[in-house]
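**Student:** Right, I'll just put the structure down here and ask away after.
The values are calculated or read from the model by the stated rules, or taken from the named source; none is laboratory data. Not measured: the values here are computed from a predicted model. Positions of Cβ are backbone-derived with ideal geometry, glycine not excepted, and every protein chain shown enters the neighbour counts.
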Amino acid sequence: MALLTSEHRARFMAWLNDRPDDSILRKLFALMVAGTVTVLALDYLELSGLREQVAATVPDVSTDAIPAALPSDGEPMIGPLRRPDGPLAAKMTFELVADGRLRATGTIYPGTAKTFAEEVEKRGVYIKTIVLHSPGGSVTDALEMGRLIRKKNFATQVEAGRYCASSCPLIFAGGIERRAGEKAVIGVHQVSALVPAGAPAGGMAEAQRISAVCQKYLRDMGIDLQVWTHAMETPKEKLYSFKKDELLTLKLATEAGKGGTETAKKKG
């Protein structure tokens, strides 16, 4: 075997010096991992932003809010609102309890009417009364639910100390009998259609269309249209809560009183 010449040894040593060692490889690998994590983080933030944008567009017509306080002794109140939280902020759920009462609790999101119709299809033979506790939400879904309630001849109820705000009274209006408990808050305010930024005129037109549909619906349900006048006169960041005699006079309720048992009645 021939011995390496000095020239060959020099070339071999140069090759060794030029080859990246393990520490350099580890650094390169770490940089690659960091770059991958950065890309994933940016993708996550972008997706999170998209989710927030989607969430900001639900319900389709923004009327969801709850009163800052319950009215005293059923007196009328125009007061500020706070955003719902807990179960009331979640999509409306339905629970069948004793005496044929279907409890409807939570926000009316787009698609809630479909879920409600499926519940009625499944349990309709047992249902007598829809018990509402809701800050409102999608007007379109509320109208569909109210019409189905009237078609099925269900009663509606807002129990003592509970509330039915914004678009929820549209569901309440569908009941063949409409019972409001003592200090139950039933209130309305303006609706505002959510539209893409830069299209305010379209949003106004849509809100006006929804308003006309709601008035026709209330008239069909036998409700005094003064109910909707109060809604249109009340800014969307506030709530007009009806006092007991108003509920009866305007035919929004057929019964109003303690717990729905000790009641003042006016048929309508």
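**Student:** Which of the residues that make up region 85-104 are part of a strand (DSSP E or B) and not basic (K, R)? Give the derivation first.
**Tutor:** Here is the first cut: in region 85-104, the ones part of a strand (DSSP E or B) are 91, 93-97, 101-104.
Those that are part of a strand (DSSP E or B) and not basic (K, R): T93, F94, E95, L96, V97, L102, A104.
**Student:** Can you go through A142, A212, A180, A165 and tell me which one is at pLDDT 90 or above and under 13 Å from A253 (Cβ atoms)? First the steps, then the outcome.
**Tutor:** Working: A142 fails: under 13 Å from A253 (Cβ atoms); A212 fails: under 13 Å from A253 (Cβ atoms); A165 fails: under 13 Å from A253 (Cβ atoms).
Only one candidate passes the filter, namely A180.
**Student:** Determine the pairs where a residue that is farther than 16 Å from A165 by Cα, located within region 83-100, has a partner that is basic (K, R) and part of a loop (DSSP other than H, G, I, E, B) with Cβ atoms under 8 Å apart, the partner being 6 or more residues away or on another chain.
**Tutor:** These pairs meet every condition: D99/K128; G100/K128.
**Student:** I've got another one for you. Residue check, N153 against (1) modelled with pLDDT under 95; (2) polar (S, T, N, Q); (3) more than 20 Å from the chain's Cα centre (by Cα), all met but one. Which one?
**Tutor:** Of (1) modelled with pLDDT under 95; (2) polar (S, T, N, Q); (3) more than 20 Å from the chain's Cα centre (by Cα), only one is false for N153: (1).
**Student:** Would you confirm whether or not region 133-146 contains a residue that is touching a residue at least 40 places away in the same chain (Cβ under 8 Å), surrounded by fewer than 24 Cβ atoms within 10 Å (Cβ to Cβ) and part of a strand (DSSP E or B)?
**Tutor:** Yes.
**Student:** Going through region 254-264 one residue at a time, which ones are modelled with pLDDT under 95 and either crowded, with 20+ Cβ neighbours inside 10 Å or touching a Gly at 6+ places or on another chain (Cβ under 8 Å) (or both)? Outline the logic, then answer.
**Tutor:** Step one: filter region 254-264 for residues modelled with pLDDT under 95, giving 256-264.
Residues satisfying the conditions are A256, G257, K258, G259, G260, T263, A264.
**Student:** Among K216, K244, which is the only one that is among the basic types (K, R) and buried (at least 20 other Cβ atoms within 10 Å of the Cβ)? If you could, list the steps in order and put the result at the bottom.
**Tutor:** Working: K216 fails: buried (at least 20 other Cβ atoms within 10 Å of the Cβ).
Matching residue, one of K216, K244: K244.
**Student:** Of everything in region 193-209 that's assigned to a helix (DSSP H, G or I) and in contact with a strand residue (DSSP E or B) (Cβ under 6 Å, 6 or more places away or on another chain), which residue is modelled with the lowest pLDDT? Write out each step before concluding.
**Tutor:** Taking region 193-209 as the starting set, the residues that turn out to be assigned to a helix (DSSP H, G or I) are 200-209.
Filter once more, keeping what is in contact with a strand residue (DSSP E or B) (Cβ under 6 Å, 6 or more places away or on another chain): 203, 206-207.
Working: G203: 63, E206: 76, A207: 75.
Checking each candidate, the answer is G203.
**Student:** Identify the single condition in (1) part of a helix (DSSP H, G or I); (2) modelled with pLDDT of 95 or more; (3) surrounded by fewer than 22 Cβ atoms within 10 Å (Cβ to Cβ) that K251 does not satisfy, given that it satisfies every other one.
**Tutor:** All conditions pass for K251, except number (1).
**Student:** Can you name every residue in region 105-128 that is part of a strand (DSSP E or B) and either surrounded by fewer than 22 Cβ atoms within 10 Å (Cβ to Cβ) or aromatic (F, W, Y) (or both)? Explain how you work it out, then say what you get.
**Tutor:** Here is the first cut: in region 105-128, the residues part of a strand (DSSP E or B) are 105, 107-108.
Of everything in region 105-128, just one residue is part of a strand (DSSP E or B) and either surrounded by fewer than 22 Cβ atoms within 10 Å (Cβ to Cβ) or aromatic (F, W, Y) (or both), namely T105.
**Student:** So, one more: As an exercise: evaluate V227 against (1) modelled with pLDDT of 95 or more; (2) surrounded by fewer than 20 Cβ atoms within 10 Å (Cβ to Cβ); (3) more than 23 Å from K128 (Cβ to Cβ) and give the number of the one condition it does not meet.
**Tutor:** (2)
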